[in-house]
Amino acid sequence: MSKKRFIAGVVCPKCGTLDSIMAAEDTEQQVLLRECVECGFHDRMSTVVNTPKEIQTRVSPDVDTTAKQEAVQVIKILE
């Protein structure tokens, strides 16, 4: 289990206290454990289901970097 840390800006769903939630990730069970230090509220969130997908961009490593190069066409400007 990772170290417990406070999550800034989070409001406890039970007591409504701001900045009182501590979180720790349990990598063995693949859950995020949250606990309120004011009222004792605690819950578990799956980290597998809520894993965000990376948005594919032109600089993403999975994008094919062997882009097709178009043939260069020389043009002549007439005066």
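The values are calculated or read from the model by the stated rules, or taken from the named source; none is laboratory data. Fair warning: this is a prediction, and the values are worked out from it, not measured in the lab. Ideal geometry is used to build each Cβ from the backbone, glycine not excepted, and the neighbour counts take in all protein chains shown.
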Return the pair list, or none, for Cβ contacts closer than 6 Å from residues in the stretch 28-46 that are over 15 Å from Thr17 (Cβ atoms) and β-branched (Val, Ile, Thr) to residues that are at pLDDT 90 or above and loosely packed, with under 13 Cβ neighbours inside 10 Å, at least 6 apart or on different chains. Val31/Arg44
If I filter the stretch 32-41 for residues that are surrounded by fewer than 11 Cβ atoms within 10 Å (Cβ to Cβ), in a loop (DSSP other than H, G, I, E, B) and either hydroxyl-bearing (Ser, Thr, Tyr) or modelled with pLDDT under 90 (or both), do I get at least one hit? no
Looking only at the stretch 1-21, how many residues end up being surrounded by 10 or more Cβ atoms within 10 Å (Cβ to Cβ), among the charged types (D, E, K, R) and either assigned to a loop (DSSP other than H, G, I, E, B) or touching a His at 6+ places or on another chain (Cβ under 8 Å) (or both)? 3
Residues in the stretch 42-79 that are outside any loop (DSSP other than H, G, I, E, B) and modelled with pLDDT of 85 or more: how many? 4
Could we say that Ala24 is of a type in the set (A, V, I, L, M, F, W, C) and assigned to a loop (DSSP other than H, G, I, E, B) here? no
Considering only residues that are among the charged types (D, E, K, R) and over 11 Å from Thr47 (Cβ atoms), which ones fall in the stretch 1-27? Lys3, Lys4, Arg5, Lys14, Asp19
